[in-house]
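In what follows, a structure is listed as structure tokens, so that the remarks can point back to it.
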Amino acid sequence: MIIMKKCLFLMLLLFCSLSSFAQFAGGFGQADPNAWFDKEPYFWCQNQTYYQYSNVSIVINNDKVYALDGAWLSGGYIAIGKNNGIKFSSGDKVSIYIGNQCIGTWLYSKSSSTNLPRLKGSGRTMKKIWKYVKKLRK
């Protein structure tokens, strides 16, 4: 009987964890992902709860604090970036606070900021292409 109760309890926990989802989704995006150098990164976060929050503030690298005006509605987004006068670089950490409670922290990784296009192919292939281009010029 005790083993059966434990199994039912574990199954209940498993189903609860599978059916739950994050309350706040967020991350970094790029305004122009096809740009080579200036991709203009921005931060976004969505309120996925059924509540609206006031007194929401965003802290960047534990020193810059930006307070949001008004209420953060259910399903609403927060987006900060170059339009707000905020420039992100790799390694920046963004935290969102409701009152004095931190609800999430995101890190702008180096890999998302250095997506420069690269030439593919070996040196021999490039030399062959260059010789072909020279022949076409003549």
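The values are calculated or read from the model by the stated rules, or taken from the named source; none is laboratory data. Model, not experiment: these values are computed from the prediction. In this analysis, Cβ positions are derived from the backbone assuming ideal geometry, glycine residues included, and neighbour counts consider all displayed protein chains.
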Worksheet entry | Any hit, the range 125-137, residues being exposed (fewer than 13 other Cβ atoms within 10 Å of the Cβ) and either among the aromatic types (Phe, Trp, Tyr) or modelled with pLDDT of 75 or more (or both) | yes
Worksheet entry | Failed item, numbered, when Asp63 is tested on (1) modelled with pLDDT of 85 or more; (2) surrounded by 11 or more Cβ atoms within 10 Å (Cβ to Cβ) | (2)
Practice prompt. Could you look through the range 88-101, keep only residues that are in contact (Cβ under 8 Å) with a residue 24 or more places away in the chain and outside any strand (DSSP E or B), and pick out the one that is surrounded by the most Cβ atoms within 10 Å (Cβ to Cβ)?
Written response: Phe88
Worksheet item: Does any residue in the range 52-73 that is closer than 18 Å to Ile86 by Cβ come within less than 6 Å, Cβ to Cβ, of a residue that is in a strand (DSSP E or B) and charged (D, E, K, R) six or more places away or on a different chain, and which pairs are these?
Response: Asn61/Lys93
Worksheet, complete the sentence: Checked Ala31, Ala71 against criteria (at pLDDT below 85 and surrounded by 10 or more Cβ atoms within 10 Å (Cβ to Cβ)); the one match is Ala31
Worksheet item: Would a scan of the range 39-62 turn up a residue that is among the small types (Gly, Ala, Ser), under 17 Å from the mean Cα position of the chain (by Cα) and more than 13 Å from Gly26 (Cα to Cα)?
Response: no
